[in-house]
Structure formats: C-alpha cells, structure tokens
Amino acid sequence: MSRSTFVYVTYIHTTQQKLWSALTEDTEFMKQYWFGFHCESAWTAGSPWKMVSGDGVVTDEGEILEADPPRRLVIRWRHQNKPELQVEGESRCTMELEPSGSAVKLSITHTMEREPSKLIAAVSGGWPMILSNLKSLIETGSTILDDPHLKGDRH
Amino acid sequence: MTERHDPDVLFKALADPSRRKLLDLLHAHDGRTLNDLCEHLDMTRQGVTQHLDLLEAANLVATVRRGREKLHFLNPVPLQEIYERWIAKFEKPRLKALGDLKRRLEKTNV
C-alpha cells in the first residue's frame with residue numbers, strides 16, 4: 001500500500017493543557033498563528049470538524065476520530081476548496097503532545113493513502129510555518145510571520 | 001532536551017556533507033528505513049546511525065515506529081525558524097518596494 005506522509009515536530013516551552021487549548025477550542029488564539037484560519041469542532045471523538053478561512057470559506061472538513069485531551073487528537077481531513085485536492089479524498093492528521101522536560105513535544109503526522117498526493121504536498125508547505133508561528137506566539141507572545149496572503153505593510 | 005533549543009546543535013548538525021546528504025535523501029523521499037538510507041551512503045551502518053542520531057538531536061529528523069521498522073522523516077520546522085529569523089526580515093522591505101512600484105506605475109497610467 002503506497003501512502004504519502006509527513007511528520008513534523010516542534011518543541012514548545014509550555015504545558016500540554018495550554019498547547020491543547022491553542023490547537024483546539026481557543027479559536028481567537030488559533031487565528032493569530034494560523035494566518036486567519038480557525039477550526040470548528042466539539043473536539044470529542046465522532047464530532048464533525050471543519051477549517052474556516054479568515055473570510056469565512058470552509059476549506060477543509062472531516063471528523064474527530066480520536067480525542068484524548070491533552071495528549072492525542074486524530075482528524076479525518078478532506079479538503080473542500082480546490083477541486084484537484086478535493087478529488088484525492090480523505091487524509092488523516094494526528095497531533096501528539098508529549099511532555100519533554102520544561103517543554104512539550106508536538107508531533108504532527110499527516111497521511112494520505114496515495115502516492116504522490118497533491119494535498120500532502122500542499123499542506124506540507126503550510127505546517128512548518130504554522131508550527132513556527134505557534135511556537136513563537138506561545139513562547140514570546142507575538143508571531144514572526146505576517147500573513148502570506150496580505151502583502152501590504154501592517155503598520 | 002535543552003539541546004533541541006540550542007541553535008549551535010542545529011548548525012553543527014548541518015555542518016557535515018554526509019548529514020546534508022541524509023537530509024537530501026529524506027527530502028527526495030520521506031519515511032525511509034535505516035537500511036534504505038545505508039544503501040545511498042558509502043559508510044558503515046554504525047556511521048549512518050550516529051549521523052541520524054545527531055540529526056534527530058537537532059530536531060531535523062523525526063522518527064516513527066511502524067511495526068518493527070523505524071521510519072525517518074525530514075523535519076523542516078527548525079529550518080523554517082532559521083528562515084524566519086533572517087530571511088523574513090528582508091522580505092517586508094522588498095514587498096513594500098514592489099507595492100510602491102505598482103502604485104507609482106498605476107498612478108502614471110491614469
């Protein structure tokens with residue numbers, strides 16, 4: 001069986017509980033590091049999940065497959081906005097939060113049961129930016145990266 | 001774990017041609033086993049393992065166990081942090097210059 005996978009890892013100086021909140025129910029915080037995007041869900045196994053862009057477009061939809069706060073979250077994830085990505089069907093995104101000294105190890109694994117996958121190629125560029133931004137925001141209180149979609153000066 | 005936040009560890013990990021080759025191999029095709037990686041390097045298995053350990057300590061490589069196999073993945077998050085630290089700083093004036101150029105040219109067209 002061929003599949004496309006990436007595993008991205010970052011270590012963030014925070015607690016599991018704060019990081020869980022930043023990745024799930026704290027949508028205002030999420031918008032700050034996710035370039036205006038946020039996710040909506042009840043964050044329990046079986047509940048629907050969707051990702052919404054800053055201008056209100058649902059770009060991705062799915063379901064929470066596993067939720068073990070504040071340790072593990074598995075999302076069934078299907079892109080909805082771009083036809084060439086939507087046609088690939090469902091992917092699976094796993095987020096694992098493990099204590100590591102004074103930090104939390106956050107591992108994101110995103111898998112699609114096909115090779116190659118345009119969706120995995122597309123999201124693999126976005127995740128490092130989102131994770132870096134999340135790390136900066138939690139550790140220093142501000143993000144480093146401006147929204148790549150807003151090319152104007154923010155001042 | 002403190003070493004994972006130390007930029008020296010990251011740059012030392014990058015400062016070796018064999019380790020960069022390992023990152024190139026993972027960049028071309030992610031999720032490889034140790035056996036697979038050894039085939040592409042003229043080095044003992046033990047040598048490759050040591051290089052991979054250093055890359056993992058620098059958080060440039062992430063590993064996942066799948067059954068009896070250990071799969072290696074390129075983790076670009078620390079590289080993104082380097083990019084943000086220096087490159088992103090120079091992006092803003094460049095984008096501003098382009099924006100200014102566009103505004104000026106469009107004004108003269110009117």
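Numbers for the structure displayed
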{"read-out": "Length-normalised contact order for chain A - Cα pairs under 8 Å, 6+ apart - percent", "value": "28 percent"}
{"read-out": "Point-charge dipole on Cβ atoms (K/R +1, D/E -1) for the protein assembly as shown, about Cα centre, debye to 20", "value": "560 debye"}
{"read-out": "Sequence-distant residues sharing a close amide H with A:Trp49 (under 5 Å, placed H)", "value": "A:Gly62, A:Glu63, A:Ile64"}
{"read-out": "Electrostatic dipole magnitude of the stretch A:1-93 [Cβ: Lys, Arg +1; Asp, Glu -1; Cα centre; debye, to 20]", "value": "300 debye"}
{"read-out": "222 nm mean residue ellipticity, helices alone, for chain B (DSSP H n ≥ 4; -39,500 (n - 2.57); rounded to 500)", "value": "-21000 deg cm²/dmol"}
{"read-out": "Euclidean distance of C-alpha centroids, the stretch A:69-137 and the stretch A:1-68, integer Å", "value": "8 Å"}
{"read-out": "Candidate lysines - alpha carbon under 18 Å from B:Lys12, same-chain residues fewer than 8 apart omitted", "value": "B:Lys21"}
{"read-out": "Alpha-carbon gyration tensor eigenvalues x 5, square-rooted, for the stretch A:4-144, Å", "value": "23, 16, 15"}
{"read-out": "From phi via Karplus (6.51, -1.76, 1.60), per-residue ³J(HN,Hα) for the stretch B:93-105 in Hz, x at Gly/Pro", "value": "x, 5, 5, 5, 4, 5, x, 5, 4, 4, 4, 5, 5"}
{"read-out": "Among the listed pairs A:Lys18/A:Lys82; A:Lys31/A:Lys118; A:Lys31/A:Lys135, those beyond 22 Å (Cα-Cα)", "value": "A:Lys18/A:Lys82; A:Lys31/A:Lys118"}
{"read-out": "Farthest toward positive dipole pole in the stretch A:4-144 [+1 Lys/Arg, -1 Asp/Glu at C-beta], among A:Ser47, A:Leu23, A:Gly101", "value": "A:Gly101"}
{"read-out": "Antiparallel bridges, percent of DSSP beta bridges restricted to the protein assembly as shown (to nearest 5)", "value": "100 percent"}
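The numbers here are math on the coordinates, done by the rules we state, and not lab data. In this text, all values refer to a predicted model and were calculated from it rather than measured experimentally. Because the Cβ atoms are built from the backbone with ideal geometry, glycine has one as well, and the counts that use them run over all protein chains shown.
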